[in-house]
Every structure is written in structure tokens, then in C-alpha cells.
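Here's the structure we're looking at; comments come further down.
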Amino acid sequence: MLTLVFISTYILATISQYLYNQNQVELLANANVVANTVSDYIKDNRELIPVAVSRLSLGDSVRVIITDKDAVVLHDSASEHANIEGKTLVKPEVIKALKGSDSVGRYDESEIGTIIQGAVSVISDSDVVGVVYLSEAAKSTDDFMADIRWILIVISLIVCILIGVLSSVMADVIVSPIEKLTKIINKMKSSSMEERVPVNGNDEIAQLGDAFNQLTDRLNEMEEKRRQFVSNASHELKTPLSSIKLLSDSVLSMETLDEEYVREFMEDINGEIDRLTKIINRLLSLTKLDINYEELELKVTDINEMAQRIVKSLMPVALNKSIKLHLFTENEVLAMVDREKFWQVLYNITDNAVKYTPEGGTVSLYVFGEGDYVRIEVIDNGIGIPEGQIDKIFDRFYRVDKARSRESGGTGLGLSIVKDVVDSHNGEIVVDSKENDGTKFVIVIPKKL
Ligand SMILES: Nc1ncnc2c1ncn2[C@@H]1O[C@H](COP(=O)(O)OP(=O)(O)OP(=O)(O)O)[C@@H](O)[C@H]1O
Ligand SMILES: [Mg+2]
């Protein structure tokens, strides 16, 4: 709008300057014609001047005043209105003309409009003998300028209104979805996470809304997982506690303490406490993994050597169940891993294989390098996992056979720890299993040496 005002003002000023200059040039030309005409009469036949001037027919709007060389008015074409003949005409233009130079000026009279006034000297025999002074109202130029001003004002107003309407429509188009988004976010802040932002089209606002909806979904998902986790964890912690309570109550209610009974009960209580400790340790290790996801202590590690130590530590359990536990590996399989955490991966997988394989079975461990990766396979011919449950075994606290697993002291947290550690090492873990046939776990991690 400002630009419009500036441009309009500039156009008006330029046109008016041009037109009024034109008026001034014309007036001076006319004054020269009058001066030429009257130059002969000023000396001798002054009474002929009015006739000579009127013959020139300059028009009614032009006032012609002729003075002698002392600026005394000899003739005034407007003598009927204000006769100034015989008086001295003191005007800057006249004074300049007497000194020999033509001059013209423009005056803005509030009532009449623009007046152009100019004077030229009348020369006779190379002497200044008088002055011709012309004054004319530039009415046609004034009218023309007024017209143009009106046109510009009307155009500017129309453009301003158009710009105003257009901007408010545009602002509305841009702002209203943002307002909607804010409203919904505020609503979600205070209560419902079920609310979703309506997404229309594919513009930036729609993309923002879409991203926000996805974020909300993810938050909901995380919240649901957290709720599930807390409920599962409380349940898992409550079970051994209830057993302990039951066992200690039984001991307390005995009238006479039979040492053998008490010992047996205390052993059970001890077992439950071990179980509680195991669950709590695993939970701690899981939360630690959550928090320090990026803070792995990566060191160059021989996975072969690590596997050997794990086989060694699980060998007594395997021998106890007459399970053949074998390790197949290359001399040295190096990879950058967090030793403590990766130990838990190999240990848990091998421990599961031994645990979920009946007496006389076989558990084989393969560790070998494959380009930039290390591939670890743990294969057993144990009880296997039912097809529908393979997806769930990595969930926290998930056990295929709760009762059986509890008997063997399982917490259902082993594989979630394994999955978290493998993920944090940018690795991958896949399971292939058939019920009553056996299970194969494959872990692939980048060496990143
Ligand atoms: N090699 C396997 N063969 C058959 N089932 C398995 C095997 N490995 C895991 N599973 C099943 O997956 C479930 C989850 O395993 P996970 O290691 O997470 O828990 P867990 O072994 O029961 O408890 P924890 O590891 O704390 O002792 C197990 O309860 C078991 O049902
Ligand atoms: Mg396990």
C-alpha cells in the first residue's frame, strides 16, 4: 500500500510539473508576441496599445499588463475589474524583466487555482522601454490534474481493498489449520491422547499435522508399553514375595519348630529371594540399557574366546543333563563390542538352548567372521517354540510356558536384554524354531574394527 502511495505521488508530481512547465513556456511565448507587437507603440502611440493587444486575441483568461520602463502600468486588459493603470507594478517578474531577463512563476491561489505569471521586456532600439506582464489561470491543467488525482485515488483504493481482502483470506488459510492444531495440542495436553489432528491436502501444515499425529501414536505406544512393563514387573516381583510370605507365615504358625521342616522352608524362602534378586538385577540391567543406549564401552574383543568361556561355564549344567555342548569357531574372530553387555547376549542364548533342551540333546555354537560382520549361531534340538509365539519371545517377561519356566527360575527378561544389546550394536537377531524339533538363533553384528 505504501508503494502504491509513493508511486501515485511520483506520477502526479511528474505529470503536473510537465504540464505546468508547458503552460509557463506558452505564456512566455505569448508575452514575447505581445512585446513585439507593442514595442513600437510604447514610445509614441500609447493609446493604440489596447487595440493592438486585443487584436492578438489571447483569450479572456489571460490578463495582459503593459508597463513603461519605470514599471508604471500603461495598459491592463482587466481594467474593468481593477484598474491599476498609472500605478507602479511591483512584481518580481516585472523587476527581472526590466533588468533584461524574462521570467515566469507559478503561484497556487487557494480560491482560483494555479496562476502562471510571467514578464518579458519590451525592447526598442536595443533599449528596454517597457515590460509585458501576463497572468493566466491554468484552469485546464488544474482540472486535468484533479481528474488524474481522482483516478489514482480510486485505483489505489480498489487495489488496497483487493490487497486487504486477499491478505486476510490468505492469512485465514494459513492460520486456521495452525489454530486448529494448537487447539488440539492444548486439549491433548490436558486430557485426551486419543485426539488426532485432521490432515487435509499435502502442504506444509498438513505435513506438520501428520508428523504430530505420528508422534502422538508413538507416545501412545510407548505409554502402553510402559504401562504393560510396570504391570508385568509388579506381577513378577509379587509372585516370589507372596511365596516368601506364605512360607514364613507357615513357619510362624508352627507350634513346635521342627528343625528339618524349618530348614526346608528356609531353603524355599532362600530360593525365592534368589529369584527376586535375579529379576531385579535383570530389570536394572534393562533400564541401564535404556538410558545408556549410546554409551557402549566398545573394545576390540575376540568373540571366539568369549564363546569358549561361556561354553566352559555352562558345561556343568549341560553335563548334568547329558547334553552335548559344542563350539565351532575360527581361531580369532575380532569385533568391537561392549564386553560386559555382549557376554550377556552369548550367555543368555546358550543358557536358553541348554535350558530348553531335554536330556541327551545337542547344543551347537558357531562363531565365524563373514566380511565386515560376525555371525553367531546357536542351534539346539530341544523343545522349540510354537509358531505363533516366536514373535513374542523378545517381549519383556514373555515365557512360552510360564509354569515350566518359573520352575527353572526363568524371568522372561533374558531375550529382551539380548535384543536390546544386539540392537545397540547395530546388529540383527533372527529365530528359526519348530516345536518339539529345535531352535536356531542367528546373530549378526558389524565388526567395525
Ligand atoms: N532355545 C530355546 N528353545 C525353546 N524355547 C526358547 C528358547 N529360547 C527361549 N525360548 C522361549 O523364550 C522364552 C523367553 O526367553 P528368555 O530368555 O527371555 O526368558 P527365560 O529364559 O524364561 O528367563 P531367563 O532368561 O531370565 O532365565 C523362554 O521362556 C522360552 O519359552
Ligand atoms: Mg533365558
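The values are calculated or read from the model by the stated rules, or taken from the named source; none is laboratory data. Only a predicted model underlies this, so the values are computations on that prediction, with no experimental measurement involved. Every residue, glycine among them, receives a Cβ derived from its backbone with ideal geometry; neighbour counts consider all protein chains shown. SASA here: full protein model, heavy atoms, side chains in, ligands and nucleic acids out. Shrake-Rupley method; radii C 1.70, N 1.55, O 1.52, S 1.80 Å.
Under 5 Å between amide hydrogens, built in the peptide plane, is the criterion, and for Y373 it picks out K447 among residues at least 5 positions away or on other chains.
In percent, how large is the relative contact order of the stretch 298-446, given Cα pairs closer than 8 Å and 6 or more residues apart? Can you show the working numbers first?
Details: 290 pairs, mean separation 35.6, N = 149.
Dividing the mean separation by the residue count of the stretch 298-446 yields 24 percent.
For the chain, the longest piece that avoids every one of the GluC sites (Glu not before Pro) found in DSSP loops with at most 16 other C-beta atoms within 10 Å covers 112-193.
When the Cα positions of Y10, A29, Q117 are compared along the charge dipole of the stretch 2-145, Y10 comes out farthest toward the positive end, with charges on each C-beta of Lys, Arg, Asp and Glu.
Tell me the net charge near V422. Cut-off is 13 Å between Cβ atoms, V422 excluded, with +1 for each Lys or Arg and -1 for each Asp or Glu. Please list the in-between numbers first.
Working: positive: K341, R375, K419; negative: D338, D420, D423, E428.
Summing Lys/Arg as +1 and Asp/Glu as -1 gives -1.
For the chain, a Gaussian network of Cα nodes joined below 10 Å ranks V374, V400, V73 by mean-square fluctuation, and the top entry is V73.
Note the full-extension length gain between V33 and N202 as 0.36 nm times their separation in residues minus their Cα-Cα distance, in nm to one decimal. Intermediate results must be reported in sequence, preceding the final value.
On the way: separation 169, 0.36 × 169 = 60.84 nm, distance 7.68 nm.
So the extension gain works out to 53.2 nm.
Dipole check for the chain: with +1 at the C-beta of Lys and Arg, -1 at the C-beta of Asp and Glu, and the Cα centre as origin, the magnitude is about 660 Debye. The alpha carbon centroids of the stretch 1-60 and the stretch 391-449 are separated by 106 Å. Helix-only arithmetic for the chain: the sum of -39500 (n - 2.57) across DSSP H runs with n ≥ 4, divided by the residue total, places the mean residue ellipticity at 222 nm at -19000 deg cm²/dmol. Each other residue within a Cβ distance under 9 Å of V73 adds +1 if Lys or Arg and -1 if Asp or Glu, for a net charge of -2. With a ≥ b ≥ c the root eigenvalues of the C-alpha gyration tensor of the stretch 213-337, is it rounded (a/c under 1.5), prolate (a/b larger than b/c) or oblate? Because a/c hits 1.5 or more and a/b fails to exceed b/c, the stretch 213-337 counts as oblate.
If you sort the three axes of the alpha carbon gyration tensor as a ≥ b ≥ c, you get a/c of 1.5 or more for the stretch 281-361 and a/b no higher than b/c, which makes it oblate. Checking every one of the chymotrypsin sites (Phe, Trp or Tyr not before Pro) in the stretch 274-372 against DSSP loop status and a limit of 13 other Cβ atoms within 10 Å picks out Y293.
A crude spin-label estimate for the pair K87 and V165, with each label 7 Å from Cα along the Cβ direction, gives 5.8 nm.
Report the net charge of residues surrounding I393, where surrounding means a beta-carbon distance below 10 angstrom and charges are Lys +1, Arg +1, Asp -1, Glu -1.
Working: positive: K392, R399, K419; negative: D391, D395.
Local net charge: +1.
Heavy atoms of the protein chains alone define the surface here; on that basis the chain has 60 Å² accessible area per residue at 1.4 Å probe size.
With one equal scatterer per alpha carbon and no solvent term, the Debye-computed log10 I(q)/I(0) for the stretch 2-145 at 0.21 1/Å reads -1.27.
The fraction of all Cα pairs in the stretch 235-275 landing in successive 10 Å bins from 0 to the largest distance is 31, 51, 16, 2, given as whole percents.
Return the inverse of the average 1/r over all pairs of distinct C-alpha atoms in the chain, which is the Kirkwood hydrodynamic radius, in Å to one decimal. Value: 33.0 Å, from the Cα pair sum.
Summarising the overall dimensions of the stretch 340-449 from its C-alpha atoms, the Rg and Dmax are 13.7, 44 angstrom.
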